1. Could you identify the single residue in LEU94, LEU109 that is over 15 Å from the mean Cα position of the chain (by Cα) and open to solvent by less than 40 Å² (accessible area, probe 1.4 Å)?
2. Of all the helices (runs of 4 or more DSSP H) wholly in region 8-63, which have at least 1 residues that are more than 21 Å from the chain's Cα centre (by Cα) and modelled with pLDDT of 95 or more?
3. So which residues in region 62-82 are surrounded by 17 or more Cβ atoms within 10 Å (Cβ to Cβ) and more than 20 Å from VAL17 (Cα to Cα)?
4. In the set LEU147, LEU142, which member is at pLDDT 95 or above and surrounded by fewer than 19 Cβ atoms within 10 Å (Cβ to Cβ)?
5. List pairs: first in region 166-184 and farther than 16 Å from THR103 by Cα, second among the β-branched types (Val, Ile, Thr) and part of a helix (DSSP H, G or I), Cβ under 7 Å, 6+ apart or cross-chain?
Amino acid sequence: MNFECRALLFDMDGVLVDSTAHIAAVWRGWARERGVDEDAVIAVAHGRRSSEVLGIVAPHLATPQEVELLEALDAHDEAGIVPIAGANALLKALPPQVWAVVTSATAPLARRRLIGAGLPAPPVLVAADDVGVGKPAPDGYLEAARLLGVGPTECIVFEDAPPGIAAARAAGMRVVGVATTFAIDELSHADAIIGSLEQVEVAVRNGRLLLQVAHVK
């Protein structure tokens, strides 16, 4: 499939950075310590801000202090976090100021994780602490488009989780699903689905991005 746009917006975990096992370990350890059902936590954790996950699975623990605790737990043992296949090459092929990272992680965690994975620093980073409401609300993607100076219809989003796909759709953006975390049928609302960023080729023509995507849907 071919796409044309002016900007690319990337989720981080599961799209640029392979951190799924790490995130699951952090949440499972927290759930055991707090007496919360582990599987219920994992079912909603990916793609959402920590504060919103807490509000779903344990409203009585949805406090700033608990979010800080989770942040501290997340900071440990990140040695296994690596870039998603194709991420580094794709990002380095993009001109400056045409891409952004929109993540449910906090800004310090996101920067640390991107640097640890050896990926370029994003021209624009919209993190959990930059918007009032997280995914599946569209706020993060709309803010990224605003900061890049482009309209929502001129953006293509890369997402690996249903809440993120819903957020991009609500923002009026096209979405490419990356099937690294969820099964292909769970990403069915995306415009195209790929296995990794290795299946994306990008060219620049007259200031516009031309994408060729090896669609697996």
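The values are calculated or read from the model by the stated rules, or taken from the named source; none is laboratory data. Just so it is clear, the structure is predicted and the values come from calculations on it, not from any experiment. When we count neighbours, we look across all protein chains shown, and the Cβ atoms used for this are built from the backbone with ideal geometry, even at glycine. Side chains included, ligands, DNA and RNA excluded: accessible areas come from the protein's heavy atoms. Shrake-Rupley method; radii C 1.70, N 1.55, O 1.52, S 1.80 Å.
1. LEU94
2. No helices (runs of 4 or more DSSP H) qualify here.
3. Hits for region 62-82 are GLU66, VAL67.
4. Going through LEU147, LEU142 in turn, the sole match is LEU147.
5. Hits for this filter: GLY172/THR153.
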